[in-house]
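The values are calculated or read from the model by the stated rules, or taken from the named source; none is laboratory data. Here the structure is a predicted model, which means the values were calculated and not measured. Cβ sites come from the backbone with ideal geometry, for glycine too, and all protein chains shown count toward neighbours. Areas reflect the complete protein model, heavy atoms only, side chains present, ligands, DNA and RNA absent. Shrake-Rupley method; radii C 1.70, N 1.55, O 1.52, S 1.80 Å.
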Amino acid sequence: MTRDERPYCYGKLECVFPMGPDDLRETPESCMVCYCKTECLRTAMQSADAVQVREEKVDRAYASGMMGFMERWSRKKALHQKRLGKKGHDPDSDTCDP
């Protein structure tokens, strides 16, 4: 495989960032030696499936007490709207989309 070709798993969230045994996502060992791992993970995290990863992160923060109910509700609502394709507030930034 040349550097211009992409492996079959390129950018597929469940392949390159699956849920681990302790309910945390982790990159498999096979990805660590891949020449395009950084670009691949970035592509996967920009896909529509990445909203699920962000929701998991919000749920963990709420469960650990690092986030209150209103902030959790607000972020989950924004992520739900993002999943539906609506523009609005990005919960990972401090600015709103125009």
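Within the stretch 27-40, is even one residue of a type in the set (D, E, K, R), in contact (Cβ under 8 Å) with a residue 24 or more places away in the chain and surrounded by fewer than 11 Cβ atoms within 10 Å (Cβ to Cβ)?
Taking the stretch 27-40 first, the residues of a type in the set (D, E, K, R) are 29, 37, 39.
After this cut, where a residue has to be in contact (Cβ under 8 Å) with a residue 24 or more places away in the chain as well, the list is none.
So far as the stretch 27-40 goes, no, none of its residues is of a type in the set (D, E, K, R), in contact (Cβ under 8 Å) with a residue 24 or more places away in the chain and surrounded by fewer than 11 Cβ atoms within 10 Å (Cβ to Cβ).
Filter the stretch 46-57 for residues that are open to solvent by less than 50 Å² (accessible area, probe 1.4 Å) and in a helix (DSSP H, G or I) and give the result. I'd like the intermediate steps shown before the answer.
Step one: list which residues in the stretch 46-57 are open to solvent by less than 50 Å² (accessible area, probe 1.4 Å), which gives 47, 50-51, 53, 55-56.
Correct list: Ala50, Val51, Val53, Glu55, Glu56.
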> Pick from Cys9, Cys15: which is part of a helix (DSSP H, G or I), in contact with a Cys (Cβ under 7 Å, 6 or more places away or on another chain) and surrounded by 13 or more Cβ atoms within 10 Å (Cβ to Cβ)?
Replying inline: Cys15
